[in-house]
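**Q** Dropping a structure here in structure tokens format, bear with me for questions.
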Amino acid sequence: MSGYIFDNAVEQLAAQRFGSLEVLYDPRTMRFLLATGVGPGWHCLEIGGGSGSIAAWLADRVGDTGHVLVTDLDPRFLATLAAAGRANVEVRRHDIGIDPLPAAAFDLIHARLVLLHVPTAPEALARLVAALRPGGWLVIEDFDPIFTDRAFPTADPADAALVRAAYGAMGQLIEARGAGPEWGRSLYQRLLALGLAEVGMEAHLVVRQGGSVGAHMDRTNLAQIRQEAVATGLIASEDLDRMLARFEDPTFACASSTMFTAWGRRP
């Protein structure tokens with residue numbers, strides 16, 4: 001059921017993306033997870049575990065008396081984590097769009113950049129809430145590709161047009177195959193509607209210079225969706241090539257996507 005456009009089977013690009021995500025977002029993710037009080041004995045679910053960095057961190061937090069279930073549509077990048085012999089970690093192939101979860105089983109559930117790629121995201125979100133134990137916490141982090149004009153820090157008008165065309169194409173592909181428009185900004189109201197307490201949400205946006213980790217991640221993502229974006233007429237091949245080249249120029253800058261982190265506790 002997932003509409004994920006960044007296939008893990010393209011291993012070189014996937015590895016580059018995961019490495020960039022760890023640098024850019026792991027410290028922020030850990031801050032939100034720490035705020036839940038996660039600690040020894042907790043049972044946690046990490047959806048879309050990617051390279052396993054957050055799952056490994058959670059395993060250290062919950063200790064020998066806790067447990068971390070980490071899932072992914074394609075868990076090939078979790079092989080190292082699975083082979084590490086951690087008794088408190090389980091790796092499982094799982095599609096949050098269609099596969100069931102145990103009811104009232106987890107003290108903490110986290111998903112980063114997963115649900116926006118799931119066509120049945122509202123139903124999946126409801127299943128995550130049902131999988132929480134009373135008092136358990138849900139933390140969801142997702143981009144909202146159209147929340148802001150990503151070209152606003154871009155100095156050159158021609159570059160700004162490229163930014164809008166390239167990110168517009170990627171956003172359209174994500175929205176057409178995933179949760180649809182305005183998913184990220186809707187998380188606060190969705191968690192309230194599902195009956196969670198202590199609901200909050202925070203947005204994150206930074207300026208990315210050419211040559212930075214963020215610019216390299218965006219370059220990787222656009223390179224991976226190149227064939228589909230060009231074939232569907234969302235962007236011309238030569239324009240995408242020019243955009244990819246700009247990511248290497250330190251005089252170039254554009255904005256990141258807006259990341260919304262929303263949280264709530266099951267009463």
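**Q** Starting from the stretch 155-179, take each residue that is farther than 14 Å from residue 234 by Cα and list its partners that are outside any loop (DSSP other than H, G, I, E, B) and of a type in the set (D, E, K, R), counting only C-beta distances under 7 angstrom and pairs at least six apart or across chains.
**A** Qualifying pairs under 7 Å: 159/246.
**Q** Among the numbered conditions (1) surrounded by 17 or more Cβ atoms within 10 Å (Cβ to Cβ); (2) in contact (Cβ under 8 Å) with a residue 24 or more places away in the chain; (3) not acidic (Asp, Glu), tell me where residue 211 comes up short.
**A** Of (1) surrounded by 17 or more Cβ atoms within 10 Å (Cβ to Cβ); (2) in contact (Cβ under 8 Å) with a residue 24 or more places away in the chain; (3) not acidic (Asp, Glu), only one is false for residue 211: (1).
**Q** Out of 87, 103, 59, 111, which single residue is modelled with pLDDT of 95 or more and assigned to a loop (DSSP other than H, G, I, E, B)?
**A** Within the list 87, 103, 59, 111, the selection yields 103.
**Q** For the stretch 187-198, does any single residue satisfy the condition of being more than 26 Å from residue 120 (Cβ to Cβ) and of a type outside the set (D, E, K, R)?
**A** No, there is no match, as no residue in the stretch 187-198 is more than 26 Å from residue 120 (Cβ to Cβ) and of a type outside the set (D, E, K, R).
**Q** Can you find a residue that is in a helix (DSSP H, G or I) and touching a residue at least 60 places away in the same chain (Cβ under 8 Å) anywhere in the stretch 73-84?
**A** yes
**Q** For the stretch 237-267, give me each residue that is in a loop (DSSP other than H, G, I, E, B) and either under 24 Å from residue 213 (Cα atoms) or without any contact (Cβ under 8 Å) to a residue 60 or more places away in the chain (or both).
**A** Scanning the stretch 237-267 gives 247, 248, 249, 250, 251, 252, 256, 257.
**Q** Okay, moving on. Restricting the search to the stretch 1-33, which residues are outside any helix (DSSP H, G or I) and either touching a Lys or Arg at 6+ places or on another chain (Cβ under 7 Å) or at pLDDT 85 or above (or both)?
**A** Within the stretch 1-33, 3, 5, 6, 8 qualify.
**Q** Looking only at the stretch 8-62, which residues are under 17 Å from the mean Cα position of the chain (by Cα), without any contact (Cβ under 8 Å) to a residue 24 or more places away in the chain and under 21 Å from residue 218 (Cα atoms)?
**A** Hit for the stretch 8-62 is 27, nothing else.
**Q** Does residue 229 satisfy being assigned to a helix (DSSP H, G or I), free of Cβ contacts under 8 Å to residues at least 40 places away in the same chain, crowded, with 17+ Cβ neighbours inside 10 Å and not charged (D, E, K, R)?
**A** No.
**Q** Same structure, new question: Name the single residue, out of those in the stretch 64-84 being touching a Gly at 6+ places or on another chain (Cβ under 7 Å) and modelled with pLDDT of 90 or more, that is surrounded by the most Cβ atoms within 10 Å (Cβ to Cβ).
**A** Filtering first and then ranking leaves 70.
**Q** Counting just the residues of the stretch 121-173 that are assigned to a loop (DSSP other than H, G, I, E, B) and of a type in the set (Phe, Trp, Tyr), which one comes out nearest to residue 241 (Cα to Cα)?
**A** 152
**Q** Sticking with this structure for a sec: Specify the residue that is modelled with the lowest pLDDT; the eligible residues are those in the stretch 134-148 that are out of contact with any helix residue (DSSP H, G or I) (no Cβ under 7 Å at 6 or more places or on another chain) and either hydrophobic (A, V, I, L, M, F, W, C) or surrounded by fewer than 16 Cβ atoms within 10 Å (Cβ to Cβ) (or both).
**A** 148
The values are calculated or read from the model by the stated rules, or taken from the named source; none is laboratory data. These numbers come from a predicted model, not from an experiment. Heads up, the Cβs are rebuilt from the backbone with ideal geometry, glycines too, and the neighbour counts pull from every protein chain shown.
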